[in-house]
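The values are calculated or read from the model by the stated rules, or taken from the named source; none is laboratory data. Treat the numbers as computed from the prediction; the structure is a model and nothing was measured. Every residue, glycine as well, gets a Cβ built from its backbone with ideal geometry; the counts of neighbours run over all protein chains shown.
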Amino acid sequence: MNGFNGNNFGEGDGAKGVNGFSGNGVNGHNLHSGHGNGGGNGSRSPRRALITGITGQDGSYLAELLLAKGYEVHGLIRRSSTFSTGRIDHIYDDPHWENANLRLHYGDLTDSTGLRRIIEEVEPHEVYNLGAQSHVRVSFDQPEYTADVVATGTLRLFEAIRDYIAISRNSPKIYQACSSEMFGSSSPPQNEQTPFHPRSPYAVSKVAGYHYGVNYREAYGLFISNGILFNHESPRRGGTFVTRKITRALTRIKLGLQETLFLGNLDAKRDWGFAGDYVEAMWRMLQHDRPDDFVVATGETHSVREFLEEAANVLEMDWERVVEFDPRYLRPAEVDALLGDASKIRETLGWTPTVTFSGLVRMMVEHDLNLAEREQVLADAGHVMRRQASGDE
Ligand code: NAP
Ligand code: F7E
């Protein structure tokens, strides 16, 4: 098949996939076998999606959703000295299997030639641009890199798609991951009409990505939908975002694996939803008959302190005895209060969240308690506990 597999993840790694799996994924089983839409060696699937950021929280849920809908899913993956596929190992197919519906390609949003090559090979019908240096605090430490990936990376991707459209008869629909951080200091509630007032290099770069989207829509007629998503969390959330940091630490403290949780500003308020619900909103935006901008949120806001209280209640703990303030977790400029008004997507696309705030906290705590219990078994068996160098976020 015309070089389709030429850039497939795993190419060049000998007989095994790049992760060294010779079977159908990390657990030796494939949750998505049986879709049978044809992989790289058979006839091409009528619905192909390319996801940048597939190894991230949202990328993993979106890949699951699209596979379940029968898509052939392609993901952009960065080369790393350690494996970064932990969130998608359970849906990973051996690329040598003819019916593999999940294909990974080495690439990077800072590398335009690679982006062009992958788009020409995949010939996607839908592109979801989720790749980003997504940590707000880190963006103050690495502003230039953040801009390169989040702002210019978006521009590179749009340009690659524009050139691809010119040489093909295919015009992919594009989802652009924007953020409630773009609203920054604008007063809540925030909706599609609320002015942007970004408060971090990350947020400034997301505003640029948003405007590239609008501009390429107006100038070249590209189908680009901007999803302005408020915070969304899950058991797959990165460990340095405050929700997961709290649920990981409190569960470990509960089992005696850790003593203290150091945090910054407990007064910040966020509109926290469940990531699984939010990827459904992304997909719905691309099934709409025209590109548009949509706020995605729960319409409820809670402080970091309230998240702590809720998590501690599930564990029947007194959080005030174990949490300490550390100024290193404060930001040079803070976003005090976010509360989304998602009326437009509810009325236009029929999207509503299914997981409540307390349901989300419980889901994360129960997951992390299970992780901590496993860690405790290892500790009790005398295995040395591994400390994690997670940085200063
Ligand atoms: P995440 O867990 O941090 O995942 C980010 C993904 O981007 C990872 O797959 C990462 O790859 C990849 N990436 C980083 N730098 C890249 C580069 N230079 N080239 C290609 N890929 C790169 O983020 P998330 O929570 O899933 O969020 C998904 C998107 O939505 C991001 O754009 C984020 O900014 C945006 N967003 C998130 C939220 C939220 O609350 N979660 C809200 C609004 C908007 P590695 O695995 O190799 O690091
Ligand atoms: O911080 C406060 C912190 O890092 C939430 C990203 O997905 O959502 C996320 O950005 C709040 C902030 O998320 C700690 O100051 C207190 O006010 O979990 P976070 P974020 O900055 O809201 C948006 C929508 C995105 O687009 C981003 O990609 O919690 N906070 N103490 C702390 N935050 C962290 N990380 N660590 C602390 O110790």
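Looking only at segment 104-120, decide whether some residue is at pLDDT 95 or above and either among the aromatic types (F, W, Y) or within 16 Å of ligand 2 (Cβ to nearest atom) (or both). Checked against the condition, which is being at pLDDT 95 or above and either among the aromatic types (F, W, Y) or within 16 Å of ligand 2 (Cβ to nearest atom) (or both), segment 104-120 yields at least one hit. The single condition from (1) in contact with a helix residue (DSSP H, G or I) (Cβ under 9 Å, 6 or more places away or on another chain); (2) more than 14 Å from ligand 1 (Cβ to nearest atom) that H211 fails is (1).
Of the set (1) away from ligand 1 (no atom under 15 Å from the Cβ); (2) part of a helix (DSSP H, G or I), all apply to A151 but (1).
Can we say T146 is in contact with a helix residue (DSSP H, G or I) (Cβ under 7 Å, 6 or more places away or on another chain) and among the polar types (S, T, N, Q)?
Yes, satisfied.
Looking only at residues in segment 188-208 that are under 11 Å from I228 (Cα atoms) and crowded, with 24+ Cβ neighbours inside 10 Å, the one that is farthest from ligand 1 (Cβ to nearest atom) is Q190. Annotation note: Cβ proximity below 9 Å between a residue of segment 138-157 that is within 15 Å of G114 (Cα to Cα) and a residue that is among the polar types (S, T, N, Q) and assigned to a helix (DSSP H, G or I) (sequence gap 6+ or interchain) occurs for V149/S205; T152/S205; G153/S205; T154/S205; R156/S112; L157/S112.
Per this entry, A219 is not counted among residues that are under 29 Å from E159 (Cβ atoms), touching a residue at least 40 places away in the same chain (Cβ under 8 Å) and assigned to a helix (DSSP H, G or I).
Being touching a strand residue (DSSP E or B) at 6+ places or on another chain (Cβ under 6 Å) and within 24 Å of V377 (Cβ to Cβ) holds for only one residue in L261, L257, and it is L261.
Consider segment 312-342 and keep the residues that are of a type in the set (G, A, S) and over 23 Å from the mean Cα position of the chain (by Cα). The one that is surrounded by the fewest Cβ atoms within 10 Å (Cβ to Cβ) is A333. All of (1) touching a helix residue (DSSP H, G or I) at 6+ places or on another chain (Cβ under 8 Å); (2) closer than 20 Å to G238 by Cβ; (3) surrounded by fewer than 18 Cβ atoms within 10 Å (Cβ to Cβ) hold for C178 with one exception: (3).
You will find that of G227, G238, the residue that is near ligand 1 (Cβ under 9 Å from one of its atoms), part of a strand (DSSP E or B) and not hydroxyl-bearing (S, T, Y) is G227 and no other. Of the residues making up segment 125-136, at least one is part of a helix (DSSP H, G or I) and either over 24 Å from H288 (Cβ atoms) or within 9 Å of ligand 1 (Cβ to nearest atom) (or both).
The residues listed here are E126, E159; of these, the one that is closer than 16 Å to L50 by Cα and surrounded by fewer than 19 Cβ atoms within 10 Å (Cβ to Cβ) is E159. Given the criteria under 30 Å from H288 (Cα atoms), touching a Pro at 6+ places or on another chain (Cβ under 9 Å) and either among the hydroxyl-bearing types (S, T, Y) or in contact (Cβ under 8 Å) with a residue 60 or more places away in the chain (or both), does L349 qualify? Judged against the criteria, L349 is not a match. Taking the criterion of being within 16 Å of ligand 1 (Cβ to nearest atom) and outside any strand (DSSP E or B), the residues of segment 162-187 that qualify are S180, E181, M182, F183, G184, S186. Checking each residue in segment 220-235 for being in contact with a Ser or Thr (Cβ under 8 Å, 6 or more places away or on another chain) and under 15 Å from E126 (Cα atoms) picks out L222, F223. When S358, S390 are checked against the criterion of being at pLDDT below 95 and closer than 22 Å to L266 by Cβ, S390 stands alone in meeting it.
Once segment 188-216 is narrowed to residues that are in contact with a strand residue (DSSP E or B) (Cβ under 6 Å, 6 or more places away or on another chain) and part of a loop (DSSP other than H, G, I, E, B), the residue that is nearest to ligand 2 (Cβ to nearest atom) is P188.
Among the residues of segment 248-281, those identified as within 16 Å of C178 (Cα to Cα) and in a loop (DSSP other than H, G, I, E, B) are D271, W272.
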